[in-house]
Amino acid sequence: METNRTRPGELPGEWSHHRTRRLRTTLLALTAAGGLLLTGCGAGGDGSNSSNSDASNRTGFPAPAVPSGGEQNGEQNDGQSSDADQDGEQTGTPADKIAPSPDYLSTFALDVDTASYGYARRTLADGERPDPSTIRPEEFVNSFRQDYDRPDGNGFTVTVDGARTDSSNWSLVRVGLATRTADSTDERPPAALTFVIDVSGSMAETGRLDLAKKSLDEMTDRLRDDDSVALVTFSDEAETVLPMTRLDGHRGQVHDAIDELETQSSTNLGAGVETGYATATEGLRKGATNRVVVISDALANTGDTSADSILERIADERRDHGITLFGVGVGSDYGDALMEKLADKGDGHTAYVANDADARKVFVDQLPQNIDLTTRDAKAQVAFDPETVAQFRLIGYEDRKVADDDFRDDTVDGGEIGPGHTVTALYAVKTRPGADGHLATASVRWLDPNTRAPHEESGQLETDALHDSLSSASPRFQVTTVAAYFADTLRSPEDNEGTLPGNPGLDELASRAHTLAKKTEDADVRQLAEAIDEASRMN
C-alpha cells in the first residue's frame, strides 16, 4: 500500500484539493523510499503506529524533501475549482465556504493551551456570548481527557482514527498524541518556579488576586522540600518580593510573601515578564525544571504591551537557559490574545481559571505533577493520500502554523510538552466517492529534552477503519467532536450550524454532550454540556 503521495505547502485551516495526476510517478517512487524508513508497528486507536529516531536531515517520510512554493514537476498550483464542484455537488454548504488549497500536507507546532475554552465557559456563565476572536477550537478539543495509549518513556504515541459524518463523503479524523504518564512528585526533577503576579488595580475584582493567592498557598504546601519558588509582582513597575527560595525550612517565608500581596494601580506586564525572567535566571538551578508562571488578566496598559517586543527583551534567557513560560489567565475581562501569544512564543502554554475548582486543577493537581518536560520543539505533520482524499481542513491551530519543509528543521521552534499531556488535532476530511485504501499518515517530531536528539513517531489510517457514524465511535472521540463543533458554532455567531460538515447545531450538541456526560461520568464533559446549554439559550 502506498502511504506517502504528498506535496508540500499545506497550512492549517485551509482546504486541500486534488491536482496531482502528473505527479504520481514521482511520488510513488518517493513513497517506496519513505516506506523503507518505517520501523516497528503498534496499535493506535483505529489506525497504526510506527516509530523512528533519526538525524535532523532525514527525508522521505511522510513528506518528499522538496521546496515549497506551489510549483513542482512543471505543474502550477493555481487553485482551480474545488472537488465539490467537480463531483457535481452544490456549493454553498458549510464545507465549501473556504477555498481549497492544492496540496496534501498539514504541519503545525504542538500546543496544549486550554485558556480559550475556560474563558468561553466563564463568559457564557456570565450571560454573554464570547467574542469569536477569542475562540480557538484546538483549545476546546484539548481541554478533555482522551483515550490514547501512552509511551513508557519520553516522546509520544500516535493514534489516528476517524468517523463519517452526516454530510456526504465528509469525515472527522482525529490525530492524537500522548506523552507518558506524569511521575509522582517524588520521582520528577526538582522545580525552580518564578511566579510573576499581576497586582494592578484590575486584579482587585473577586476571582483574580484573591484566587491567585489562595491557589499559590495551596500549591506551596504541595511542592517538595527540594523545589524552589520566587515571587515577582508588577503594577506600574515590577519588583522581586521573594528571590529564589528553597522550600525546605522556608515555607512560612513563602506563605508570608503571598499573604502580603496587594493590588496597586496600572498593568505593566512587560516589566513583570522581564523582571520575572531576570529573577529566574539569577536563581537558575541546574538539573531542575526552570519555569516562569505569569498570573494576570493580561490587560496591559502601561509600558511595553507588545508580546513580540516583550519576548525579544528576554530572548537570551529563553534561548540560553531553556526557561519556559506558563500563562494563567484570570478575570471576567481578560487579555486573551496577549497572554496566548506570550505563551506560544515563550515555549509554554496557557490555562484560564475562573473559580476555586479551576484553580485547584491548575495549581494543585496539574502544575506540581507536570513541571518536567518530556519533549522540546515538537511538531506534527499529516500527509493525506490524494487518491482517497479530495479536501481537508485542520480545525484550529491557525497560530501554530509551520512551513511544511520546516518539519525536520530542528532549528524551527515547536512546542514544549510535559508528561501526562495529550495533544489532539481534528480534521474535516472529504473522501473521494468510493475511495478505498490509505487515507493519511500522521507524524510527530521532537527533540529529547536532555540530549536534544531528534525522534519521530508515526501512525496511519485506512478508509476501512473509519467508523460508519460519529455515534458509533468511542465516547472520547465523540466528546472531541462535540467540543470542536461547539467552538465552530461560537466562532460563527451568524450561523447556528457553524462551518464544519456535520455540525448539528447547538440544541443537538447539548443533547449529545449530556448523554456523553452520563456515559463517561466525567465532570468536565458535564461542564461542556452546561456551557452549550448556556449558548443555546442565547440564540
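List the pair-distance distribution P(r) of the range 144-295, using every Cα-Cα distance, as the percent of pairs falling in each 10 Å bin from 0 up to the bin containing the longest distance, rounded to whole percents.
10, 30, 25, 19, 12, 5, 0
Taking the convex hull of the alpha carbon atoms in the range 236-298, what volume per residue do you get, in Å³?
Numbers: hull volume 5.8 nm³, N = 63.
Given the Cα convex hull of the range 236-298, per-residue volume reads 93 Å³.
How large is the Kirkwood hydrodynamic radius of the range 184-247, in angstrom, based on all distinct alpha carbon pairs? Let's see the in-between values first.
Values: mean 1/r = 0.0777 Å⁻¹.
Computed over Cα pairs of the range 184-247, the Kirkwood hydrodynamic radius comes out at 12.9 Å.
I'd like the carbon and sulfur percentage of the solvent accessible area for the range 106-263, probe radius 1.4 Å, heavy atoms only, ligands and nucleic acids excluded. Numbers along the way, then the final one.
On the way: 2230 of 5620 Å².
Carbon and sulfur: 40 percent of the exposed surface of the range 106-263.
Classify the range 242-341: rounded, prolate or oblate, from the alpha-carbon gyration tensor (a ≥ b ≥ c, eigenvalue square roots; a/c under 1.5 rounded; otherwise prolate if a/b is larger than b/c)? The partial results should precede the final answer.
Details: a/c = 2.06, a/b = 1.20, b/c = 1.72.
Oblate is the answer for the range 242-341, as a/c is 1.5 or above yet b/c matches or exceeds a/b.
Can you give the Rg and Dmax of the range 302-418 based on its C-alpha atoms, in angstrom?
17.0, 55
Report Rg(Cα)/(2.2 N^0.38 Å) for the range 434-524, keeping two decimals. Mind showing how you got there, number by number?
Working: Rg = 17.6 Å, N = 91, 2.2 N^0.38 = 12.2 Å.
Ratio of Rg to 2.2 N^0.38 Å for the range 434-524: 1.44.
First select every other residue whose beta carbon is under 9 angstrom from the beta carbon of residue 255; then total the charges, Lys and Arg +1, Asp and Glu -1. Intermediate values should be presented prior to the final figure.
Values: positive: 251; negative: 217, 221, 256, 259.
With Lys, Arg at +1 and Asp, Glu at -1, the neighbours total -3.
What is the gain in length, in nm to one decimal, between residue 453 and residue 413 on full extension, counting 0.36 nm per residue of separation less the C-alpha to C-alpha distance? Could the numbers behind the result be given before it?
On the way: separation 40, 0.36 × 40 = 14.40 nm, distance 1.47 nm.
Full extension of this stretch gives 12.9 nm more.
Report the one residue of 538, 503, 483 whose Cα lies farthest in the direction of the positive end of the charge dipole of the range 453-539 (charges on C-beta: Lys and Arg +1, Asp and Glu -1; origin at the Cα centre).
538
Can you pull a Stokes-Einstein diffusion coefficient for the range 103-222 at 4 °C (1.567 mPa s), Rh from Kirkwood over Cα pairs, as a whole number of µm²/s?
Rounded to a whole number, D works out at 69 µm²/s.
DSSP beta bridges in the range 91-248, what fraction antiparallel, as a percent rounded to 5?
Numbers: 14 of 21 bridges.
Around 65 percent antiparallel, to the nearest 5.
Tell me, what is the FRET efficiency for residue 365 and residue 168 to the nearest 0.05, using R0 = 41 angstrom and their Cβ-Cβ distance as r? List each step's numbers first, then the result.
Details: r = 44 Å, r/R0 = 1.06.
That pair, residue 365 with residue 168, gives E of 0.40.
Would you kindly give the portion of the calculated P(r) for the range 122-186 that falls above 15 Å, as a percent of all Cα pairs? It would help to have the intermediate numbers written out before the result.
Working: 1468 of 2080 pairs.
Across the range 122-186, Cα pairs with separations above 15 Å total 71 percent.
The values are calculated or read from the model by the stated rules, or taken from the named source; none is laboratory data. Keep in mind the model is a prediction, meaning the values are calculated, not measured. Please note: Cβ atoms are built from the backbone with ideal geometry, for glycine as well, and neighbour counts cover all protein chains shown. Keep in mind that these areas ignore ligands, DNA and RNA; they rest on the heavy atoms of the full protein, side chains included. Shrake-Rupley method; radii C 1.70, N 1.55, O 1.52, S 1.80 Å.
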